[in-house]
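Asker: The structure under discussion is supplied below as structure tokens; questions concerning it will follow.
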Amino acid sequence: MKINNKERKHVQEIDEKSKMHQKIIFGEIKEENEEANISIEITTTEEINKDFEIIIDNVSIKAYEKKIFIAILDNNWKIAQGKVIRNETEIAVERASKYFEKNLGIKLIPLVRVEWKLESENKIISLDEMHEKAIKDAEKLLGLKQEWIVEKGRSEKNNGFDMLNAFTNKTGEHFGFIFGGENAAFHFAQSNYLQKALNEAGMGYIQVTVIDEWAESLVQHEVSHIFGAKDRDSREYEPSVMTKQLTTEEVIKAFIEGKMWLQCNNWLIEDMKIMIENVELFK
């Protein structure tokens, strides 16, 4: 391990306390808010799946931040109609992290991304199907001893990962979702709900896919739900990353004005308060 370009050799033996706190002190960083650039080289005595990519390289960590370690399942997220139109999934997570860091002192750290084959006979993937397959497949792909444990908070059984983020370029019922009280977020490239609404409004079949600029807002929205933020009705609340437009007319108007939830990164004060209360879940 290197801290501020100085090599430190260190072996951490995992015990019950370190599982919970995930904290190592090296002695030379004394100021509470001093920033350290940490380069971590991960080695293992077992052969790693060739599709298992370690993402972490140089991570800036501040003492006041809550570090949330994320594992990513990636089902061809970058691809739409045979072309690359989006960045890697970890880029979307890192971009979303900027808003959590600035406003909540939470740093989202995508540690690994693994290629994921989401096989389905259905053209539209249901929420239950996406959830069931991701939770089950995570066991093998991430080398877990069991299916992904969805209980929210610091993980003791998911190999040190705090959150699971699953991405697919397929069409889902919605652009994304979480199930209440869980630590996993799911992201689709297309929303059947929106496509049906546009069709019923007489606009024909239009496939609206998540463009790269929207991906960070999608991740921000779903991870915000994990911290307790709520979907807000645009007829009652100002535009925000959590404020949903519920009719086709509202979606079109918000899109033209650049105020659709996928075009926003701000939170409402109501959601900020809720998330601040839930930050301690990851103490």
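The values are calculated or read from the model by the stated rules, or taken from the named source; none is laboratory data. Bear in mind the structure is a predicted one, so any value in this text is a computation, not a measurement. For neighbour counting, all protein chains shown are included, and Cβ atoms are generated from backbone atoms with ideal geometry for every residue, glycine included.
Asker: Which one of Asn165, Asn192, Asn183 is farther than 21 Å from Ala229 by Cα, touching a strand residue (DSSP E or B) at 6+ places or on another chain (Cβ under 6 Å) and buried (at least 17 other Cβ atoms within 10 Å of the Cβ)?
Answerer: Only one candidate qualifies: Asn192.
Asker: Right, here's the next one. Got a sec? Which of Glu270, Glu249, Glu216, Glu277 is surrounded by 15 or more Cβ atoms within 10 Å (Cβ to Cβ) and part of a helix (DSSP H, G or I)?
Answerer: Glu216 is the lone residue from the list that is surrounded by 15 or more Cβ atoms within 10 Å (Cβ to Cβ) and part of a helix (DSSP H, G or I).
Asker: Continuing with the same structure: Name every residue in the stretch 239-283 that is modelled with pLDDT under 95 and of a type in the set (Gly, Ala, Ser), in order of residue number.
Answerer: Once the filter is applied, which keeps residues that are modelled with pLDDT under 95 and of a type in the set (Gly, Ala, Ser), the stretch 239-283 yields Ala254, Gly258.
Asker: Turning to a different aspect of this structure: (1) farther than 30 Å from Ile109 by Cβ; (2) touching a residue at least 60 places away in the same chain (Cβ under 8 Å): which one isn't true of Thr209, the others all being true?
Answerer: It is condition (1) that Thr209 fails.
Asker: Considering only residues that are modelled with pLDDT of 95 or more and out of contact with any helix residue (DSSP H, G or I) (no Cβ under 8 Å at 6 or more places or on another chain), look in the stretch 66-77 and name the one that is surrounded by the fewest Cβ atoms within 10 Å (Cβ to Cβ).
Answerer: Step by step, filter the stretch 66-77, then rank; the result is Asn76.
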